[in-house]
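K.L.:
Have a look at the structure that comes next, please.
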Amino acid sequence: MDFSVSRLTDAARADELLALAHAAFRDLPIDPPSGVLKETASDFAERLQSETCLVIGSGGRLIGSVFCLSDGDALYIGRLAVAPDWRRRGVASALIDAAKGEAYRIGAKRMTLKARISLASNVALFARQGFTITAEETHAGFAAPTSYAMELRLA
């Protein structure tokens, strides 16, 4: 599918973004649970002031979003969320492609992200997009690694 990606800057839509993120992360089999589940609409409104938020909508509803943050020579992408009923339809790939466009626009030399090891389909999605694992990270209180740091070098 071909999706139209736009920038969201309107803090009045923070509730919508929060609802999308909570729906996307709520039932994921990850331990510890995602920190996004503790965030509020106010947190999202603040994030909209300091980060670029790319979204996809359908029928007047947000179905996907990703936040992008400039970090030195990199663009960090996080909080990639796709509505559960829209998964496996190209929404995440379209958002990552749009984030790549943002990275090129700001002159970033690379893109970075973190992916939970237990979400093999997400890790595979990022690998298909050209990201490679650069490190394993372990959440506090866990003996084994729980996340991968991933990076995409840009030409």
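The values are calculated or read from the model by the stated rules, or taken from the named source; none is laboratory data. Predicted, not measured: the structure shown is a model, and the values here were computed from it. All Cβ positions, glycine included, derive from the backbone under ideal geometry; neighbour counts span all protein chains shown. With ligands, DNA and RNA removed, areas are computed over all heavy atoms of the protein, side chains included. Shrake-Rupley method; radii C 1.70, N 1.55, O 1.52, S 1.80 Å.
K.L.:
From the residues Leu125, Ala21, Leu113, which one has its Cα farthest along the dipole of the chain in the positive direction, the dipole being from +1 and -1 charges on Cβ of Lys/Arg and Asp/Glu about the Cα centre?
P.N.:
Leu125
K.L.:
Read through the labelled values [x] 11.1; [y] 8.3; [z] 9.1 and report the label of the one computed as mean projected area of the Cα convex hull in nm² from the structure.
P.N.:
[z]
K.L.:
For segment 69-155, give the magnitude of the charge dipole about the Cα centre (Cβ charges: +1 Lys/Arg, -1 Asp/Glu; no others), in debye to the nearest 20. Please list the in-between numbers first.
P.N.:
Numbers: 12 positive and 8 negative charges, 56 e Å.
It works out to roughly 260 debye.
K.L.:
State the answer as a single residue: which of Phe44, Ile96, Phe142 lies farthest towards the positive end of the charge dipole of the chain, with beta carbon charges of +1 for Lys and Arg and -1 for Asp and Glu, about the Cα centre.
P.N.:
Result: Ile96, furthest along the dipole toward the positive end.
K.L.:
Would segment 28-120 count as rounded, prolate or oblate if I go by the C-alpha gyration tensor, calling it rounded below 1.5 in a/c and otherwise prolate when a/b exceeds b/c, oblate otherwise?
P.N.:
rounded
K.L.:
Now, a different point. So how far, in whole Å, is the C-alpha centre of segment 1-48 from the one of segment 128-154?
P.N.:
21 Å
K.L.:
What number, rounded to the nearest 500 deg cm²/dmol, is the helix-based mean residue ellipticity at 222 nm of the chain, given -39500 (n - 2.57) per DSSP H run of at least four residues and division by all its residues?
P.N.:
Values: 4 runs with 47 residues, N = 155.
Result for the chain, helices only: -9500 deg cm²/dmol.
K.L.:
Got the relative contact order for the chain handy, in percent, Cα pairs under 8 Å and 6 or more residues apart?
P.N.:
Numbers: 270 pairs, mean separation 31.1, N = 155.
Once divided by the residue count of the chain, the mean separation gives 20 percent.
K.L.:
Report the charge-dipole magnitude of the chain in Debye, nearest 20, computed about the Cα centre from +1 at each Lys and Arg Cβ and -1 at each Asp and Glu Cβ.
P.N.:
Using only the charged Cβ atoms, the result is roughly 400 debye.
K.L.:
Rounded to the nearest 20 Debye, what is the dipole magnitude of segment 1-63 about its Cα centre when Lys and Arg each give +1 and Asp and Glu each give -1 at the C-beta? Mind showing how you got there, number by number?
P.N.:
On the way: 6 positive and 10 negative charges, 20 e Å.
In debye, rounded to 20, segment 1-63 gives about 100.
K.L.:
Given a 1.4 Å probe and every protein chain left where it sits, what share in percent of the accessible area of the chain is carbon and sulfur?
P.N.:
Details: 4020 of 8060 Å².
Here carbon and sulfur together make up 50 percent of the probe-accessible area.
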